[in-house]
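Here is the structure we will look at.
The values are calculated or read from the model by the stated rules, or taken from the named source; none is laboratory data. Please read these numbers as outputs of a predicted model, since none were measured by experiment. Please note: Cβ atoms are built from the backbone with ideal geometry, for glycine as well, and neighbour counts cover all protein chains shown. The protein model used for the area step is the full one, side chains on, heavy atoms only, and it has no ligands, DNA or RNA in it. Shrake-Rupley method; radii C 1.70, N 1.55, O 1.52, S 1.80 Å.
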Amino acid sequence: MMMDKKKKIFAVSGSTRKNSSNFKILKFISEHINDQFEIEIFEDLESIPHFNPDLDNENVPEIITVFRNKITAAAGVVICTPEYVFSLPGSLKNVLEWCVSTTVFSNKKVGLITASASGEKGQEQLSLIMKTIEAKFDNDTQLLIQGIRGKLDSDGNIIDEKTLVSLLAFIRSFEKQVEE
């Protein structure tokens, strides 16, 4: 009897900090998502070279090819990012720029989380970028978590009930979207 293959989910933290709140949220998702999914968290954001359109046609850096291939192979992508100075972190925007000339996000089912002190502008920008590159998401697969540092303990456990409920609802909505 053949077992069903798990659907791959590729997760990207917009923070380059080791063990950031955003990474902890992605770990929480990986531990609470339906077991028919397998999540890989991308942890090499700081290794991505600056976007250079001259290299995008020829001589694409290997790490970019690997990153794009992970998106292509995934049934869905989750991005969880902080907001820096009312914007996306430069490193996240940079890696997304490497995908603009491709179709890796076209019709790709994505979940978008901004977890920061405020986060409204970062979420707005992430949503706009993902719409521009034709990713598929809706209101139920977007989540803004404001004041994130006060909502997690040092081990990454969610200590705020409202955040826990919202995050679990996000996970169920993302699962449903990817299963469609």
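Points to keep in mind about this one:
- Subset of the range 156-178 (residues that are of a type in the set (S, T, N, Q) and either in contact with a Cys (Cβ under 9 Å, 6 or more places away or on another chain) or open to solvent by 60 Å² or more (accessible area, probe 1.4 Å) (or both)): Asn157
- The residues in the range 52-65 that are at pLDDT 95 or above and either within 17 Å of the chain's Cα centre (by Cα) or open to solvent by 60 Å² or more (accessible area, probe 1.4 Å) (or both) can be counted, and the count is 2.
- Whichever residue in the range 125-150 is in contact with a strand residue (DSSP E or B) (Cβ under 6 Å, 6 or more places away or on another chain) and in a loop (DSSP other than H, G, I, E, B) and, among such residues, is surrounded by the fewest Cβ atoms within 10 Å (Cβ to Cβ): Phe137
- Residue in the range 13-26 that is assigned to a helix (DSSP H, G or I) and farther than 24 Å from Thr163 by Cα present: no
- In the range 92-114 there is at least one residue matching the filter, namely being aromatic (Phe, Trp, Tyr) and either open to solvent by 50 Å² or more (accessible area, probe 1.4 Å) or in a loop (DSSP other than H, G, I, E, B) (or both).
- Close pairs (8 angstrom Cβ cut-off, 6 or more residues apart or separate chains): over 15 Å from Val110 (Cβ atoms) in the range 60-78, part of a helix (DSSP H, G or I) and not acidic (Asp, Glu) anywhere: Pro61/Leu55; Ile63/Ser47
- Any hit, the range 81-90, residues being touching a Leu at 6+ places or on another chain (Cβ under 7 Å) and not in a loop (DSSP other than H, G, I, E, B): yes
- All conditions but one from (1) open to solvent by 60 Å² or more (accessible area, probe 1.4 Å); (2) over 30 Å from Val66 (Cα atoms) apply to Asp153; the one that does not is (1).
- Residues of the range 27-56 that turn out to be part of a helix (DSSP H, G or I) and charged (D, E, K, R), as a count: 5
- Among residues that are within 16 Å of the chain's Cα centre (by Cα) and either in a loop (DSSP other than H, G, I, E, B) or surrounded by fewer than 17 Cβ atoms within 10 Å (Cβ to Cβ) (or both), Thr72 is included.
- Considering residues of the range 151-165 that are of a type outside the set (A, V, I, L, M) and closer than 13 Å to Lys24 by Cα only, the residue nearest to the chain's Cα centre (by Cα): Gly156
- Candidate set: the range 6-51, residues that are among the basic types (Lys, Arg) and surrounded by 14 or more Cβ atoms within 10 Å (Cβ to Cβ); chosen: the one farthest from Arg172 (Cα to Cα): Lys24
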